[in-house]
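Enquirer: My questions will all concern the structure given below.
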Amino acid sequence: MDAHYSPADVEQAAQDYWEKNQSFSVSEEPSKEKYYCLSMFPYPSGRLHMGHVRNYTIGDVITRFQRMQGKNVLQPMGWDAFGLPAENAAIKNNVAPAKWTRENIDYMRGQLKRLGFGYDWNRELATCDPDYYKWEQWLFTKLFEKGLVYKKTAAVNWCPNDQTVLANEQVIDGCCWRCDTVVERKEIPQYFMRITAYADELLNDLDQLDGWPEQVRTMQRNWIGRSEGVEIAFDVAGHDDTLRVFTTRPDTLMGVTYVAVAAEHPLALQAAQEHPELAAFIAECKKTGTAEAELETMEKRGIDTGLKAIHPVSGEEVPVWVANFVLMGYGTGAVMSVPAHDQRDWEFAKKYGLTIKQVIAPLADAEIKECINTARGKVTTVMDVDLEQQAFTEKGVLIDSGDFSGMSSRDAFDAISEFLSSKGKGKKKTTYRLRDWGVSRQRYWGAPIPIINCGACGEVPVPEDQLPVALPEDVALDGVRSPLKADPGWRQTTCPKCGGAAERETDTFDTFMESSWYYARYCCADNDQAMLDERAAYWLPVDQYIGGIEHAILHLLYARFYNKLMRDAGLIGNAEPFNNLLTQGMVLKDGAKMSKSKGNTVDPQALIQQYGADTARLFMMFAAPPEQSLEWSDSGVEGASRFLKKIWNFAQSNQAALGAAKSFDASAADKQQQAARREVHEVLKQALFDFGKQQFNTVVAACMKIMNVLSTANEGGAREALINEGFSILLRLLSPIAPHITHVLWRELGYGDDILTAPWPEVDEGALVRDAIELVVQVNGKLRAKIDVAADADKDAIEAAALADENVQRFTAGKQIAKLIVVPGKLVNIVVKG
């Protein structure tokens with residue numbers, strides 16, 4: 001073997017071997033336990049960043065470890081290739097998105113291979129390929145026929161200058177990112193998938209996902225947002241119309257002092273016909289973006305419509321206001337406003353001088369308990385609240401609420417619900433924060449929506465034999481009009497039903513569509529006759545999924561939804577896509593997330609060229625546990641490099657002793673060598689546990705410990721057998737983390753042909769048995785000695801050995817021993833007086 005460690009040569013040799021032997025290509029073996037490990041696939045932006053390197057190294061370590069456990073392991077890779085960044089890059093660089101994307105894929109594929117990741121490249125897919133998105137188009141048409149897909153008008157961000165729809169991220173301070181024109185909210189027809197039809201199942205099945213972080217499950221529960229409440233009807237004075245509102249706090253109903261409606265609400269639009277100021281305000285509201293975060297933080301503004309809503313219990317009239325924070329797309333487009341008990345309503349009421357009426361009062365703990373336990377008990381002693389400072393939003397006891405006064409909020413929920421139901425003014429209802437998934441995007445670089453618009457037949461799904469509806473790729477983008485809208489040759493077609501002239505849908509799919517089912521397509525990526533086949537039943541669900549916490553809500557929720565759609569279509573049998581989820585931490589430098597804008601990035605390519613891929617992988621795994629943030633350290637990288645050189649140098653200098661089939665003979669070993677072997681097997685036992693817990697930083701520490709033990713083993717005796725066995729254990733422990741150097745050393749030293757197929761090292765329980773143990777001896781709680789006693793020594797023998805120690809005698813001489821305590825396996829404590 002070479003005298004000096006050359007990462008470039010070592011890593012090239014290992015990668016050539018894997019390529020030649022197709023080491024990571026797998027097929028289904030029903031007789032073998034399968035393990036499917038998947039890292040979230042990247043967007044092909046052009047270059048890998050350190051977040052990618054960490055994510056994919058974690059996945060590769062898990063995969064290689066599971067392979068060495070004898071499992072049939074699948075680890076695929078592909079590209080989340082559609083999306084807005086490609087359009088922006090195309091405009092900036094005057095290149096077609098398809099060309100830009102595929103060139104980036106080629107470059108990034110080379111980077112992944114250079115890092116030694118064990119992917120089955122035969123299963124590679126790119127979501128921009130027609131043979132991939134054909135099948136989501138196919139499923140979409142089936143869901144359309146079943147009514148799980150529908151079309152309705154919904155709000156989008158609209159640039160009146162460029163005449164184009166903008167994504168939320170393209171709206172900057174309320175203006176178009178390109179021309180700085182004030183953005184408007186515009187209602188246009190869009191396609192939706194009925195994810196709300198699966199809301200209960202998506203919520204309930206979270207309880208089955210024991211392998212997911214609780215934080216992620218909580219985020220999903222909150223996003224689905226199941227709420228028990230009451231839908232209440234407010235009549236409108238002088239109108240046949242009824243305002244319907246939903247509330248989770250019917251106990252506050254008697255505190256309603258106004259009703260707020262969306263600018264697009266029919267009552268608001270009707271009132272605006274005779275109210276120029278209201279019409280102007282409604283027009284202004286259309287200039288507000290659609291992002292929920294923007295609506296939460298913007299100034300709350302409104303205007304009185306002049307209409308009056310009739311309170312369903314008291315019969316009192318309350319004003320109807322148009323408010324910019326109410327949207328037609330959420331709920332009924334109207335909310336009952338209780339400023340005394342809702343902070344947003346309170347702020348709005350204070351701003352416009354509206355009535356604030358308290359109907360809930362807090363109680364002391366004992367009084368709350370009394371109120372809850374008494375269904376209709378009247379409690380008059382309540383704590384005061386200062387509504388001049390803020391709303392009181394907690395639950396408590398009802399006051400100034402007519403017959404409901406004195407009830408607890410909990411009891412009032414049922415009592416008011418029953419009253420409204422008896423009067424035909426309301427009913428209990430379950431609602432969800434979750435909204436149906438809008439999958440239409442008014443952009444070019446995406447999968448075309450497979451619908452044909454016919455003047456006679458309406459929306460008609462594209463027939464299966466006409467799929468895929470391929471996206472034209474040889475286009476030029478001007479940033480204004482989609483090439484699909486601008487190309488009559490592509491757009492104009494005939495109706496599959498009547499044969500008349502018709503037009504293709506020019507919207508494309510939300511890119512979450514592609515990333516919601518790619519994990520299943522990997523199982524049978526070569527099937528050109530079906531979306532999935534029986535191979536999916538073998539591999540699914542994914543055993544380990546790895547990706548950032550930023551994908552905890554939408555991507556994971558849509559993937560779970562899509563999985564259930566495919567199950568109900570008979571394509572798969574599993575209810576959930578991912579058994580276990582690992583959300584890796586960020587890569588930080590100087591305490592901040594690496595980013596180009598901060599100027600604190602480290603180029604993976606430069607790192608690999610200087611130190612090698614194994615050093616990069618080793619540092620990433622040693623610097624922090626996977627789920628925690630990793631602080632970049634140049635000295636840490638150098639330390640990882642030194643450790644690999646130390647391993648190589650040890651192998652080179654001990655080459656004659658390594659690789660031979662020598663069994664360890666304890667009788668030939670001195671005590672130091674026996675202790676060294678025991679330590680190696682203790683470390684091995686702990687490392688196996690740490691691999692299972694995915695604590696790879698401690699596995700690296702274990703390898704370092706073994707290296708130190710072997711390096712300091714006594715000469716003579718059983719040294720050769722000790723270092724031979726210990727080094728083979730070290731190489732296998734380190735193999736998942738630093739696969740190149742371990743592969744080459746395993747072969748060079750003659751341990752075997754391929755460390756990938758080597759059996760995982762087994763702990764020799766006999767080596768763990770200690771003939772002697774070391775005990776600490778304390779006198780009056782202070783350390784005075786350490787003694788060696790036989791492992792099976794009884795209490796009397798231990799006490800005698802402790803009292804016989806020379807240093808212990810110095811502190812006990814001439815003193816009365818009041819107590820002598822033996823803690824088995826740990827210490828002896830001698831208590832003396834005098």
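The values are calculated or read from the model by the stated rules, or taken from the named source; none is laboratory data. Just so we're clear, the structure is a prediction, and the values are computed from it rather than from any experiment. Cβ sites come from the backbone with ideal geometry, for glycine too, and all protein chains shown count toward neighbours.
Enquirer: In segment 312-337, what residues are in a loop (DSSP other than H, G, I, E, B) and of a type in the set (Gly, Ala, Ser)?
Expert: Ser314, Gly315, Gly329, Gly331, Gly333 - these are the residues of segment 312-337 that are in a loop (DSSP other than H, G, I, E, B) and of a type in the set (Gly, Ala, Ser).
Enquirer: If you don't mind, another one. Mind listing just one residue for me: the one in segment 612-647 that is touching a helix residue (DSSP H, G or I) at 6+ places or on another chain (Cβ under 6 Å) and polar (S, T, N, Q) and, of those, nearest to Glu550 (Cα to Cα)?
Expert: Thr615
Enquirer: On to the next question. Could you check segment 690-747 and list, in sequence order, the residues that are of a type in the set (Lys, Arg) and assigned to a helix (DSSP H, G or I)?
Expert: Initially, segment 690-747 is screened for residues of a type in the set (Lys, Arg), giving 693, 705, 719, 732, 747.
Across segment 690-747, the qualifying residues are Lys705, Arg719, Arg732, Arg747.
Enquirer: Within segment 693-717, restricting attention to residues that are polar (S, T, N, Q) and under 26 Å from Ala668 (Cα atoms), which residue is surrounded by the most Cβ atoms within 10 Å (Cβ to Cβ)?
Expert: Ranking the qualifying residues of segment 693-717, first place goes to Asn714.
Residue-by-condition table, conditions (1) over 30 Å from Val769 (Cα atoms); (2) in contact (Cβ under 8 Å) with a residue 12 or more places away in the chain; (3) of a type in the set (Gly, Ala, Ser):
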site	(1), (2), (3)
Ala785	no, yes, yes
Ala791	no, yes, yes
Ile798	no, yes, no
Asn807	no, yes, no
Gly814	yes, yes, yes
Ala818	yes, yes, yes
Ile830	no, yes, no
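Enquirer: Would you mind finding the one in Gly752, Gly825 that is more than 30 Å from Tyr611 (Cα to Cα) and either at pLDDT below 95 or surrounded by 11 or more Cβ atoms within 10 Å (Cβ to Cβ) (or both)?
Expert: Gly825
Enquirer: On to the next question. Consider Leu484 carefully, then state whether it is closer than 20 Å to Glu514 by Cα and outside any loop (DSSP other than H, G, I, E, B).
Expert: Yes.
Enquirer: What pairs can you find where one residue is in segment 22-45 and surrounded by fewer than 19 Cβ atoms within 10 Å (Cβ to Cβ), the other is basic (Lys, Arg), and their Cβ atoms are less than 9 Å apart, with a gap of 6+ or different chains?
Expert: Ser25/Arg123; Ser27/Arg535; Glu28/Lys34; Glu28/Arg535; Lys32/Lys71; Glu33/Lys71; Lys34/Lys71
Enquirer: If you check Ala263 against the conditions, is it over 30 Å from Glu627 (Cα atoms), touching a helix residue (DSSP H, G or I) at 6+ places or on another chain (Cβ under 8 Å), of a type in the set (A, V, I, L, M, F, W, C) and in contact (Cβ under 8 Å) with a residue 24 or more places away in the chain?
Expert: When the stated conditions are applied, Ala263 passes them.
Enquirer: Now for a different question. Being farther than 26 Å from Trp437 by Cβ and either exposed (fewer than 14 other Cβ atoms within 10 Å of the Cβ) or in contact with a Leu (Cβ under 8 Å, 6 or more places away or on another chain) (or both): is that true of Thr508 here?
Expert: So Thr508 fails the test.
Enquirer: I would also like to ask the following. Quick check, is Ala268 of a type outside the set (D, E, K, R), closer than 30 Å to Ile416 by Cβ and assigned to a strand (DSSP E or B)?
Expert: When the stated conditions are applied, Ala268 does not pass them.
Enquirer: Of the residues Leu125, Leu143, only one is in contact (Cβ under 8 Å) with a residue 24 or more places away in the chain, touching a strand residue (DSSP E or B) at 6+ places or on another chain (Cβ under 6 Å) and not assigned by the TED database to the domain that holds Glu473; which?
Expert: Going through Leu125, Leu143 in turn, just one is in contact (Cβ under 8 Å) with a residue 24 or more places away in the chain, touching a strand residue (DSSP E or B) at 6+ places or on another chain (Cβ under 6 Å) and not assigned by the TED database to the domain that holds Glu473: Leu125.
Enquirer: Could you give every pair whose Cβ atoms fall below 8 Å, whose first residue belongs to segment 154-172 and is at positive phi, and whose second residue is not in a strand (DSSP E or B), counting only separations of at least 6 or pairs across chains?
Expert: Here the result reads Gln163/Val480; Gln163/Arg481, each pair linking segment 154-172 to a residue that is not in a strand (DSSP E or B).
Enquirer: Give the residue, chosen from Ala340, Ala309, that is at pLDDT 95 or above and assigned to a loop (DSSP other than H, G, I, E, B).
Expert: Criteria check complete, one pass: Ala340.
Yes or no, residue by residue, for (1) outside any helix (DSSP H, G or I); (2) under 27 Å from Ser663 (Cβ atoms); (3) of a type in the set (A, V, I, L, M, F, W, C):
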position	(1), (2), (3)
Gly750	yes, yes, no
Pro759	yes, yes, no
Glu762	yes, yes, no
Ala767	no, yes, yes
Leu820	yes, no, yes
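Enquirer: Looking only at segment 186-197, decide whether some residue is modelled with pLDDT of 95 or more and loosely packed, with under 13 Cβ neighbours inside 10 Å.
Expert: No - not one qualifying residue is present in segment 186-197.
Enquirer: Is it the case that segment 1-13 has a residue that's at pLDDT 95 or above, closer than 19 Å to Asn122 by Cα and small (Gly, Ala, Ser)?
Expert: No: zero hits.
Enquirer: Can you tell which of Tyr562, Tyr545, Tyr519 is buried (at least 22 other Cβ atoms within 10 Å of the Cβ), not assigned by the TED database to the domain that holds Gly147 and not in a helix (DSSP H, G or I)?
Expert: Details: Tyr562 fails: not in a helix (DSSP H, G or I); Tyr519 fails: not in a helix (DSSP H, G or I).
Going through Tyr562, Tyr545, Tyr519 in turn, just one is buried (at least 22 other Cβ atoms within 10 Å of the Cβ), not assigned by the TED database to the domain that holds Gly147 and not in a helix (DSSP H, G or I): Tyr545.
Enquirer: Among residues belonging to segment 217-232 that are in contact with a Ser or Thr (Cβ under 9 Å, 6 or more places away or on another chain) and buried (at least 17 other Cβ atoms within 10 Å of the Cβ), point out the one that is farthest from Ala199 (Cα to Cα).
Expert: Ile232
Enquirer: Quickly run through segment 61-76 and pick out the residues that are hydrophobic (A, V, I, L, M, F, W, C) and buried (at least 24 other Cβ atoms within 10 Å of the Cβ).
Expert: Step one: list which residues in segment 61-76 are hydrophobic (A, V, I, L, M, F, W, C), which gives 61-62, 65, 68, 73-74.
Within segment 61-76, Val61, Ile62, Phe65, Val73, Leu74 meet the criteria.
Enquirer: Residues that are within 30 Å of Val10 (Cα to Cα) and in contact with a Ser or Thr (Cβ under 7 Å, 6 or more places away or on another chain), at least 1 per element: which helices (runs of 4 or more DSSP H) completely within segment 82-198 meet that? Give the derivation first.
Expert: Values: elements: 84-93, 97-114, 130-146.
Correct list: 97-114.
Enquirer: Could you pull out the residue among Asn600, Asn579 that is within 23 Å of Ser39 (Cβ to Cβ), polar (S, T, N, Q) and either at pLDDT 95 or above or in contact with an Asp or Glu (Cβ under 7 Å, 6 or more places away or on another chain) (or both)?
Expert: Among Asn600, Asn579, only Asn579 is within 23 Å of Ser39 (Cβ to Cβ), polar (S, T, N, Q) and either at pLDDT 95 or above or in contact with an Asp or Glu (Cβ under 7 Å, 6 or more places away or on another chain) (or both).
Enquirer: Can you name every residue in segment 452-470 that is β-branched (Val, Ile, Thr) and either touching a Pro at 6+ places or on another chain (Cβ under 6 Å) or part of a loop (DSSP other than H, G, I, E, B) (or both)?
Expert: Val460, Val462, Val469
Enquirer: Name the single residue, out of those in segment 584-636 being part of a helix (DSSP H, G or I) and charged (D, E, K, R), that is surrounded by the fewest Cβ atoms within 10 Å (Cβ to Cβ).
Expert: Filtering segment 584-636 for residues part of a helix (DSSP H, G or I) gives 604-611, 613-623, 634-636.
Retained after the next criterion (residues that are charged (D, E, K, R)): 614, 617, 634.
Values: Asp614: 29, Arg617: 28, Asp634: 11.
Checking each candidate, the answer is Asp634.
Enquirer: Taking Arg560 as the residue in question, decide whether it is among the charged types (D, E, K, R), farther than 15 Å from Ser39 by Cβ and free of Cβ contacts under 8 Å to residues at least 24 places away in the same chain.
Expert: No, not satisfied.
Enquirer: Restricting attention to segment 789-814, which residues are in contact with a helix residue (DSSP H, G or I) (Cβ under 8 Å, 6 or more places away or on another chain) and closer than 22 Å to Ala675 by Cα?
Expert: Matches in segment 789-814: Val789, Ala790, Ala793.
Enquirer: In addition: Given the structure, is Ile282 of a type in the set (A, V, I, L, M), in a strand (DSSP E or B) and at pLDDT 90 or above?
Expert: Criteria not met by Ile282.
Enquirer: Got a sec? Which of Val469, Val475 is buried (at least 20 other Cβ atoms within 10 Å of the Cβ) and β-branched (Val, Ile, Thr)? Let's see the steps before the verdict.
Expert: Working: Val475 fails: buried (at least 20 other Cβ atoms within 10 Å of the Cβ).
Going through Val469, Val475 in turn, the sole match is Val469.
Enquirer: Here is a further query. Considering only residues of segment 207-233 that are more than 19 Å from Ile546 (Cβ to Cβ) and without any contact (Cβ under 8 Å) to a residue 60 or more places away in the chain, which is nearest to the chain's Cα centre (by Cα)?
Expert: As a first pass, look at segment 207-233 and keep what is more than 19 Å from Ile546 (Cβ to Cβ): 207-208, 218, 221-233.
Subset that is without any contact (Cβ under 8 Å) to a residue 60 or more places away in the chain: 207, 218, 221.
Working: Asp207: 17, Thr218: 12, Arg221: 14 Å.
Per the criteria, the residue is Thr218.
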